[in-house]
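Okay, so here's the structure we're looking at.
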Amino acid sequence: MTSQFVLTFGREALTLLLMISMPVLGVVMAVGLVVSVFQAVTQVHEATLAFVPKLLAAVLVFAVAGPWMLSTLVDFIRRTIESIPGSVG
């Protein structure tokens, strides 16, 4: 196992992490911003009002993008497992 292999694997893993997490994090952050502005404008400071919309948005993103996320992750795992024999020895 060479240092080039380890660096390439680490770079691909971090890229995959960002690709999979950004849709969920982006939508949840946008919903959180909208809810926060709504709370500031209406002066309603209820904790569940901030939590429930973000939770529902995350569930919706997972429902829509979940198959893509899963297939991307499975493809990465398959490529990683297939590269093990070439990296040993």
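FYI, it's all coordinate maths here, none of it is from the lab. Note that this is a predicted model, so its numbers are computed, not measured. Heads up, the Cβs are rebuilt from the backbone with ideal geometry, glycines too, and the neighbour counts pull from every protein chain shown.
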Compute the Kirkwood hydrodynamic radius of the chain, taking the inverse of the mean of 1/r over all pairs of distinct Cα atoms, and give it in Å to one decimal.
15.7
Compute the helix-to-body angle for 47-82: its Cα long axis versus the longest principal axis of the chain, expressed 0 to 90° and rounded to tens.
10
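Among Phe38, Phe9, which comes first, second and so on when ranked by fewest other beta-carbon atoms within 10 Å? Each step should come with its number before you reach the end.
On the way: Phe38 13, Phe9 16.
Ordered by Cβ neighbours within 10 Å, fewest first: Phe38, Phe9.
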Using the basic label-point model (7 angstrom from Cα toward the beta carbon), what is the Ala47 to Ser83 distance in nanometres?
4.4
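Please rank Val6, Val31, fewest neighbouring Cβ atoms within 10 Å first, as an exposure proxy.
Working: Val6 11, Val31 19.
Fewest-to-most ranking of Val6, Val31: Val6, Val31.
Restricting to DSSP H runs of at least four residues, report the calculated mean residue ellipticity at 222 nm for the chain, -39500 (n - 2.57) per run over all residues, nearest 500 deg cm²/dmol.
Numbers: 3 runs with 80 residues, N = 89.
Helices in the chain give a 222 nm mean residue ellipticity of -32000 deg cm²/dmol.
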